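Just below is one structure, and these are the notes that go with it.
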Amino acid sequence: MAQALTRCGDFKTSYRADTTIFPSARSRAFALVGVALLIAAPLQIGGFSVLSDYWITLLIQIGYLAIAALGLNVLVGFTGQISLGHSAFFGFGAFASAYLNNTYGVPVFFSIPLAALWTTAVGLIVGIPAGRIKGLYLAIATLASQFILQDFFARADWFTGGSSGSLAAPFAVFGYQISGDRQYFYVVLAYLVVMYLLAANLMRSRDGRALVAVRDHYLSAEVMGVNLTKYRVLSFGISSFFAGIGGALYAHYLQYVSVEAFDILLSIQFLGMVIIGGLGSIMGSLLGTIFMVLLPEAMSWAVNILRATDWGNVPSIVNGLAFLKQAAIGLAIVLFLIFEPDGLAHRWRQIKAYWKLYPFSY
Amino acid sequence: MTGESPLLEVREVSLSFRGVRALSHVTFHVGRGELFSIIGPNGAGKTSMLNCISGRYTPTEGRVVIDGRDVTAMKPSARAGLGIGRTFQNLALFNHMTVLDNIMVGRHHLLRNNVATGSLYWFVGAQREELAHRRQVEEIIDFLEITPIRKAIAGTLPYGLRKRVELARAVALKPHLLLLDEPMAGMNLEEKEDMARYINDLNAEWGMTVVMIEHDMAVVVDISDRVLVLDFGRKIAEGEPDAVMADADVKKAYLGVDAEDDRAAPAAAAQ
Ligand SMILES: Nc1ncnc2c1ncn2[C@@H]1O[C@H](COP(=O)(O)OP(=O)(O)OP(=O)(O)O)[C@@H](O)[C@H]1O
Ligand SMILES: [Mg+2]
C-alpha cells in the first residue's frame, strides 16, 4: 500500500498539473537541461568543439534509431503485440523519402513526414493479421512481412534502385541546405523531441489508454467499448509511423540507402532496445537505444585500451574481444531479460525516487 | 424510445457450448430504474446470461433487445455506446495501469480525441476534453471512496478495493444498464455493506438500471426489486424477492446447497 499513497513533497493543485507529461517539476527541468546540453553539443567555438565528430555521429545514430525504437515500444511494450519486422518499416521510410524527393521533387523537409505516412499505410496492411492472430503466430506473420519487404526492396528497382541502392538528398529548409553532421544533428534532435512528445501525449489520452487496455485485459477493454481489431491494427500503424520517420532521417543522413541495411538482425536489435530500455516506457526506448549504440563502441574502446597494454600482444584475447563485440548484443538482451526484466527505465525510476526527496527519502 | 418499453428484454434465449446447454429458452425483462437480481446455484448459467447481454456470447437462439433495439448480434465494443457497463465475476482490471487510468478507459466511448488529436494534445482540444472528463471521473472516485488510491497501480491493490475500482470503471461509462457479476463475492461483511450501499445509490440516485448476480441471499432480498432464478440454464422463478424465496422450486434447487460453500467453490466456469 505504501506506493498507493502519494509521496510527501508531491502535491498537485489542479487536474491539469496532475496530468503533465513529467511527473514532477524536477524531472521536467531535468529533461529541459538535457535538451539544452544537446543543443550545445555540436557547437564549435574557434578551434574548440564541444563534442568530437565521432560523438556527433553516435548521437545522430541514437536519435534516429530511438525514434524507431519508440514506435516498436508502442507496439510491443504498450499494446503487448510482437513484431519481428520492424527494420523493414524503418527501411521503407528510408526508401520512400528518397523516392519522393528524387522522383517527384518533394522537398526533403516534406518528404520525411510524407514517407512516414506511406510507411504507416504499409504498417496498417501488415498489421491486418494482428486483428485476428496473437503471440507466436503473429511473430511468424511479422517475420514473413520482414522477408517480403526485404524481397520487395531487392526487386523494386523503380523504388529502391535495386542492388545499387538509392541516393538521398541532404536535408534542406526552404532553400537553406543543411551541411555536415553538426547541422543535421539539430534536425534529428528536433524530430526526437517532437516524436517523444507526441508519444507521451498519446499515452495520456484516449487511444493510448485503449492500447494499454488491450494489452492488459482485452476482454474487459472490449466491454469498455474498445474495438480490439481496430486498436491492434492501429498499433502497427503508429509503430510504422515512428519507424518511417526514423528511417527517413537515416536516409538523409547517410544520403545513400542500401538494400541490405534492413535485415532481421536490425529488427532484433530494435527489440533489444525496447527490452533493455523497458517495455512500455517512453524514456526507456531512448535509454535502450543509447545502450545498444554505445555497447559495441564500449567494446571497441576496451579492445583499444587492451591493445596498448602488454595484454595486447596476446592475439587470442584481442580477437576474442572483437568476437565478443558481435555476441555482446545478444548477451545483453539475455542478461537484461533475466536480471532486469523491467529495463533501464525501471532502474532509472528507482534512482530518481531515491534522489527526489534526498536527504529525506524513505 | 419512450419510458414505457422495458430497458432490457431477453426473449427465449438459449446458449449451447458443443452440446452443453448453458441456457434454455430464458425469457425476462428488466424495466427502467429497476434493481434486478439473477440468482441460482453454481453453473446455473447466470454469467452466461450476463455475457449474452453484454455481447461476450451470442445466443444460439433467441433475442436480446435493449431500449427497443435488437442487439443480439452486436459486438461488445459497440454495446458500450448504448450505455451498457459491466463488471466481471473474476477480477478483470487493467493491472498495470493506475486506478485513474483504469477508470478513464471507461470513458472511451464518450471521448472524441483520437490518435492524431490525442498526440497533438495541446492545440486541438484534446487536453480540454481529457480534463473535463477527468473532473467527472473524480466525482465517481469520490462517490466510491477510492480517492487515496487513485494513483496506485491497479494490480497491487487488495481484492476488495479492486472490486470497487471495477465498479468505478463500469460507472465511468455512464451506463443506463449496469451489469454486475457477483460484486460482493469474497468480501467481508463491512465491504459487502459498502458495496450494497453503492449499488443502491447508483440505482436510486444515479438512475442506473442494475442487473446483478449475487449469491448472498440476504443482500439480494434486501436491495432487489425483482429476482430471476436460474437452475440448469432454465428459468425456474421470477418475481419479488420474498415471493421467489418462498417458491417451492427455488427451495428445491437450493436444497442441500449451502450458500457459504457455494461461494467458496472455485468459479472455474466463470467467463
Ligand atoms: N466458454 C464456455 N465454454 C464451455 N462451457 C461453458 C462456457 N461458459 C460457461 N460454460 C458452461 O455453462 C454452464 C453455465 O456456466 P455459468 O458460468 O454461466 O454459470 P454461473 O451460473 O455463472 O455459475 P457460478 O455461480 O459458478 O458463477 C456451466 O456448465 C459452464 O461449464
Ligand atoms: Mg458466474
| said: Give me the extension gain from residue B:159 to residue B:61: residue separation times 0.36 nm, minus the current Cα-Cα distance, reported in nm with one decimal. | reply: 31.6 nm
| field | Förster radius 41 Å - calculated FRET efficiency between residue A:339 and residue A:316, Cβ distance, rounded to 0.05 | value | 0.90
| remark: Largest-first semi-axes in Å of the equivalent ellipsoid built from the Cα gyration tensor of chain A are 31, 29, 23
| task | Starting from the amide H of residue A:172, placed 1.01 Å from N in the peptide plane, find each other amide H under 5 Å away whose residue is 5 or more places distant or on another chain. | result | A:108, A:109, A:178
| said: If you consider only alpha-carbon coordinates, what radius of gyration and Dmax does region A:1-143 have, in Å? | reply: 20.9, 60
| task | Could you size up the charge dipole of region A:119-215 around its Cα centre, putting +1 on the beta carbon of Lys and Arg and -1 on that of Asp and Glu, and report it in debye to the nearest 20? | result | 540
| request: Determine the dipole magnitude for region A:34-357: charges of +1 sit on the beta-carbon of Lys and Arg, -1 on that of Asp and Glu, nothing else is charged, the reference point is the Cα centre, and the result goes in debye to the nearest 20. | output: 840
| Order of B:34, B:214, B:193 under a 10 Å beta carbon neighbour criterion, fewest first | B:193, B:34, B:214
| How high is the relative contact order of chain B, given as a whole-number percent (alpha carbon pairs under 8 Å, six or more residues apart)? | 27
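Helices from chain A with mean Kyte-Doolittle at least 1.0 and a Cα length along the axis of 18 Å or more, per DSSP H: which?
On the way: long enough: A:25-40 (22 Å, 1.62); A:53-73 (29 Å, 1.28); A:86-104 (26 Å, 0.33); A:108-127 (28 Å, 1.93); A:135-155 (30 Å, 1.03); A:180-203 (35 Å, 1.13); A:228-254 (39 Å, 0.81); A:264-277 (20 Å, 2.37); A:282-308 (40 Å, 1.40); A:315-339 (32 Å, 1.88); A:343-356 (20 Å, -1.08).
Counting only whole DSSP H runs, the qualifying helices are A:25-40, A:53-73, A:108-127, A:135-155, A:180-203, A:264-277, A:282-308, A:315-339.
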| task | Choose one of A:27, A:247, A:186: the residue whose Cα lies farthest towards the positive end of the charge dipole of chain A (beta-carbon charges +1 Lys, Arg; -1 Asp, Glu; about the Cα centre). | result | A:27
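What's the magnitude of the charge dipole for chain B around its Cα centre, counting Lys and Arg as +1 and Asp and Glu as -1 at the beta-carbon? Answer in Debye, nearest 20. The partial results should precede the final answer.
Values: 31 positive and 37 negative charges, 272 e Å.
Magnitude of the dipole: close to 1300 debye.
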| region A:145-188 residues near the modelled residue A:103 label - backbone nitrogen below 17 Å, point 7 Å along Cα→Cβ | A:149-169
| remark: To the nearest 10 degrees, the tilt of helix B:159-172 (Cα long axis) against the first principal axis of the alpha carbons of chain B is 70
| message | Test of understanding: express the Cα radius of gyration of region B:22-68 as a ratio to 2.2 N^0.38 Å, with N the residue count. | response | 1.16
| remark: Put in order of increasing Cβ neighbours within 10 Å, starting from the fewest, A:78, A:30 give A:30, A:78
| task | Let me have the 222 nm mean residue ellipticity of chain B computed from DSSP H runs of 4+ only, each contributing -39500 (n - 2.57), with the sum over all residues rounded to the nearest 500. | result | -10500 deg cm²/dmol
| Between residue B:16 and residues 5 or more places away or on another chain, which pairs have amide H atoms under 5 Å apart, with H built 1.01 Å from N, and which residues are they? | B:22, B:60
| field | Computed over region B:91-174, the ratio Rg/Rh where both radii use C-alpha atoms and Rh is Kirkwood | value | 1.00
| message | Using helices alone, I'd like the mean residue ellipticity at 222 nm for chain A: each DSSP H run of four-plus residues gives -39500 (n - 2.57), total over residue count, nearest 500. | response | -23500 deg cm²/dmol
| request: Holding the Cα-Cα limit at 21 Å, pick out from B:151/B:192; B:46/B:235; B:163/B:252; B:75/B:163; B:46/B:252; B:75/B:174 the pairs that are longer than that. | output: B:151/B:192; B:163/B:252; B:75/B:163
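Per-residue counts of other Cβ atoms within 10 Å, averaged by peptide: what ranking do you get for B:142-149, A:285-292, B:176-183, B:7-14, highest first?
A:285-292, B:176-183, B:7-14, B:142-149
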| Efficiency by 1/(1 + (r/R0)^6): what FRET value for residue A:151 and residue A:254, r their Cβ-Cβ distance, R0 = 22 Å, to the nearest 0.05? | 0.50
| Using Cα atoms only, what is the angle between the long axis of helix B:126-143 and the major principal axis of chain B, expressed in degrees (0 to 90) to the nearest 10? | 40
| field | Positive-end residue of A:69, A:338, B:203, charge dipole of the protein assembly as shown with Cβ unit charges | value | A:69
| task | Any chance you could list the semi-axes, whole Å, largest first, of the equivalent ellipsoid that the Cα gyration tensor gives for region B:1-126, using √(5λ)? | result | 32, 19, 14
| request: Could you give me the percent of Cα pairs per 10 Å distance bin for the protein assembly as shown, shortest bin first, beginning at zero and ending with the bin that holds the maximum distance? | output: 3, 14, 22, 21, 16, 12, 7, 3, 1, 0
| request: Take the Cα gyration tensor of chain B, multiply each eigenvalue by 5, square-root it, and list the three semi-axes largest first, rounded to whole angstrom. | output: 32, 22, 17
| note | So residue B:25 and residue B:131, fully extended at 0.36 nm per residue minus their Cα-Cα distance, gain in nm 33.5 nm
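Every number here is computed from the coordinates shown, using simple stated rules; none is lab data. What you see is a predicted model; the values in this text were computed from it and never measured. Methodologically, a virtual Cβ is constructed for each residue, glycine included, from the backbone with ideal geometry; neighbour enumeration extends over all protein chains shown.
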